[in-house]
1. Among (1) modelled with pLDDT under 95; (2) among the small types (G, A, S); (3) out of contact with any Gly (no Cβ under 9 Å at 6 or more places or on another chain); (4) farther than 13 Å from W214 by Cα, where does G134 come up short?
2. Kindly provide the set of residues from region 164-212 that are open to solvent by 10 Å² or more (accessible area, probe 1.4 Å), among the polar types (S, T, N, Q) and part of a loop (DSSP other than H, G, I, E, B), ordered by number.
3. May I ask you to say which residue of K153, K145 is open to solvent by 80 Å² or more (accessible area, probe 1.4 Å), over 27 Å from L90 (Cβ atoms) and not in a helix (DSSP H, G or I)?
4. Of all residues in region 1-45, which are modelled with pLDDT of 85 or more, within 22 Å of the chain's Cα centre (by Cα), open to solvent by 90 Å² or more (accessible area, probe 1.4 Å) and basic (K, R)?
5. How many residues, within region 224-246, are outside any loop (DSSP other than H, G, I, E, B), open to solvent by 20 Å² or more (accessible area, probe 1.4 Å) and free of Cβ contacts under 8 Å to residues at least 60 places away in the same chain?
6. Considering each of F129, F161 in turn, give the residue that is within 27 Å of L50 (Cα to Cα) and either basic (K, R) or assigned to a strand (DSSP E or B) (or both).
7. Residues being open to solvent by 10 Å² or more (accessible area, probe 1.4 Å) and closer than 23 Å to R80 by Cα: count how many of those fall in region 111-133.
8. Run A221 past the list (1) without any contact (Cβ under 8 Å) to a residue 40 or more places away in the chain; (2) assigned to a helix (DSSP H, G or I) and report the number of the one that doesn't hold.
Amino acid sequence: MIIDYTLPSLLELAKNAVYKAGSTLIEKQKFARQVHHSQARDVKIKGDILSETIIVESLQLNSSFPILSEEAGIIGKIDREQYLWIVDPLDGSLNYSQGIPFCCISIGLWKANSPVLGVIYDFYRNELFSGIIGEGAWLNETSIKISETTKKKEAIICTGFPIKTDFSEKAITRFVNQIQAYKKVRLLGSAALSLAYVACGRVDAYIEENIMLWDVSAGCAIVKAAGGEVQIDYSNDLLAPVNTSAKSSTLL
């Protein structure tokens with residue numbers, strides 16, 4: 001079997017995977033919302049595993065690339081100079097488990113430590129955000145781009161508190177200092193969805209520390225594809241937390 005590895009075909013592969021997983025998470029909500037594991041601030045539900053199984057099987061059936069996924073970790077042999085799928089099967093698991101409709105499925109494709117393309121599916125709203133760097137970004141089939149806001153005092157920023165957040169007084173003070181220049185702040189409970197909103201101009205910026213790479217991989221690709229600026233501070237350890245920011249390219 002000859003597999004088409006052009007970027008548009010790989011984008012379609014990722015789209016098909018998130019559509020299938022998303023429809024399952026809608027159809028099997030009663031089962032998928034059950035808690036699979038809970039420790040400290042971290043909650044894993046059966047929906048995380050259910051969605052991941054569907055996505056990984058689809059990606060493996062239609063490509064030979066290794067996969068980094070939130071629940072399974074590293075699947076296959078990784079060569080950082082070659083393609084790597086990065087999957088968050090359910091970003092916003094707690095929201096989903098509580099019936100709060102701010103969650104999504106996220107698949108990014110990276111090569112040489114840089115994002116190439118991304119897909120984020122908000123299955124509750126049937127909104128599919130996608131992008132290929134150098135070619136464009138879309139919400140469903142409509143082209144999207146970052147906002148034209150140029151000043152922080154007029155801008156909306158999305159952020160959050162990942163499970164590894166240090167809630168010490170010093171850390172919270174530093175956090176406040178980072179965001180106080182903005183007009184409004186929003187915490188959606190989903191890093192991927194926050195980045196998708198930057199890409200389509202619903203918000204103007206995103207910043208979050210100690211977030212995992214799978215939370216932001218697809219969103220960073222889509223923001224860049226939509227004309228925005230992205231910064232990711234990460235080490236060679238794919239399982240280590242990263243610091244991420246994204247914004248309109250003109251935001252000062």
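The values are calculated or read from the model by the stated rules, or taken from the named source; none is laboratory data. All values derive from a computational prediction rather than experimental measurement. Neighbour counts are summed over all protein chains in view; Cβ atoms, including those assigned to glycine, are modelled from backbone coordinates with ideal geometry. Side chains are part of the model used for accessible areas, which takes the heavy atoms of the whole protein and leaves out ligands, DNA and RNA. Shrake-Rupley method; radii C 1.70, N 1.55, O 1.52, S 1.80 Å.
1. Of (1) modelled with pLDDT under 95; (2) among the small types (G, A, S); (3) out of contact with any Gly (no Cβ under 9 Å at 6 or more places or on another chain); (4) farther than 13 Å from W214 by Cα, only one is false for G134: (1).
2. T165, S168, Q180
3. On the way: K153 fails: not in a helix (DSSP H, G or I).
The conditions single out K145.
4. Once the filter is applied, which keeps residues that are modelled with pLDDT of 85 or more, within 22 Å of the chain's Cα centre (by Cα), open to solvent by 90 Å² or more (accessible area, probe 1.4 Å) and basic (K, R), region 1-45 yields only K20.
5. 6
6. Details: F161 fails: either basic (K, R) or assigned to a strand (DSSP E or B) (or both).
Going through F129, F161 in turn, just one is within 27 Å of L50 (Cα to Cα) and either basic (K, R) or assigned to a strand (DSSP E or B) (or both): F129.
7. 7
8. Here A221 meets the rest and fails (1).
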